[in-house]
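Structure record follows, encoded as structure tokens.
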Amino acid sequence: MSRAAPVLTIDGPGGSGKGTIARRVATALGWHLLDSGALYRLVALAGQLQSLAADDIEGHAGVAANLQVTFGVQADGSEQILLGTPPIDVTAAIRTEEAGLGASRVAAWPPVRTALFQRQRDFARLPGLVADGRDMGTVVFPDAPLKIYLTASVEERARRRYNQLKDKDSGVSLLALLRDMAERDARDMSRAVAPLVAAQDAIVIDSTPLGINEVVAQVLDLVHLRRLHST
Ligand code: C5P
């Protein structure tokens, strides 16, 4: 019988460092990476490009079911995300705060989540998968052998996001980010389907006082302790 691919899930609120840490851990292990938030961002953006009404649930579910996306890397090793045919480069467009809020809006709709479910499951391939999101450990990969819930205080998360954005976007304000982040957390945690919550068997890491390297090291230690990786 063929061995199932081990899955490490990393869930948590925006700005907790999940994305960076998931990428670093996947690279260190040589595993695949699922950035599930990017899929919700892409659905919101594609809906906007197709001029769908902001409250058109079925329209967005159709977009989710037919999403044509290529996750790649640029020459400098950073991510490249292409949408549709002919492909358009949406790498920068999906990372804005506006795209994040759009993602949180469409992510609350069950038909959109259902349409993305199997696509996310299909990322689990040998030698292993690091899956980053809000419901990776609770809904999409409930049998994952290692689940992390990564959090940090809302002030610390807003400060990190501010430092990330301030060079790219001179109009960004720390106070507005704090407000948007609290709004997004509230919506993600209170929605009826797949709310943001730590899985019962998740290990919670509060990254407020920790640097990225420390969190990556803790997660890699856990992977090795559970013997999920051969070296
Ligand atoms: O992680 P990221 O900030 O890219 O996610 C954007 C939004 O997509 C989140 O605020 C959340 O509403 C939604 N999301 C989700 N389930 C996931 C990943 C993201 O609902 N697994």
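The values are calculated or read from the model by the stated rules, or taken from the named source; none is laboratory data. This is a predicted model, so every value here is computed, not measured. Neighbour counts run over all protein chains shown; Cβ positions are idealised from the backbone, glycine included. Each accessible area value is taken on the protein alone, full model and side chains, heavy atoms only, with ligands, DNA and RNA left out. Shrake-Rupley method; radii C 1.70, N 1.55, O 1.52, S 1.80 Å.
List of remarks:
- Here the condition is being part of a helix (DSSP H, G or I), surrounded by 12 or more Cβ atoms within 10 Å (Cβ to Cβ) and of a type outside the set (D, E); of V216, V193, it holds for V216 alone.
- The set of residues in region 192-203 that are under 17 Å from the mean Cα position of the chain (by Cα) and at negative phi comprises V193, P195, L196, V197, A198, A199, A202.
- Single residue of region 28-48 satisfying the filter (open to solvent by 10 Å² or more (accessible area, probe 1.4 Å) and touching a strand residue (DSSP E or B) at 6+ places or on another chain (Cβ under 8 Å)) that is nearest to the ligand (Cβ to nearest atom): G37
- Inside region 107-123, residues that are near the ligand (Cβ under 8 Å from one of its atoms), under 14 Å from the mean Cα position of the chain (by Cα) and not polar (S, T, N, Q) make up a count of 2.
- Of the residues R105, R157, R95, R121, the single one that is on the phi < 0 side of the Ramachandran plot and buried (at least 22 other Cβ atoms within 10 Å of the Cβ) is R157.
- Members of region 124-154 that are part of a helix (DSSP H, G or I), surrounded by 23 or more Cβ atoms within 10 Å (Cβ to Cβ) and either more than 13 Å from the ligand (Cβ to nearest atom) or small (G, A, S) (or both): G137
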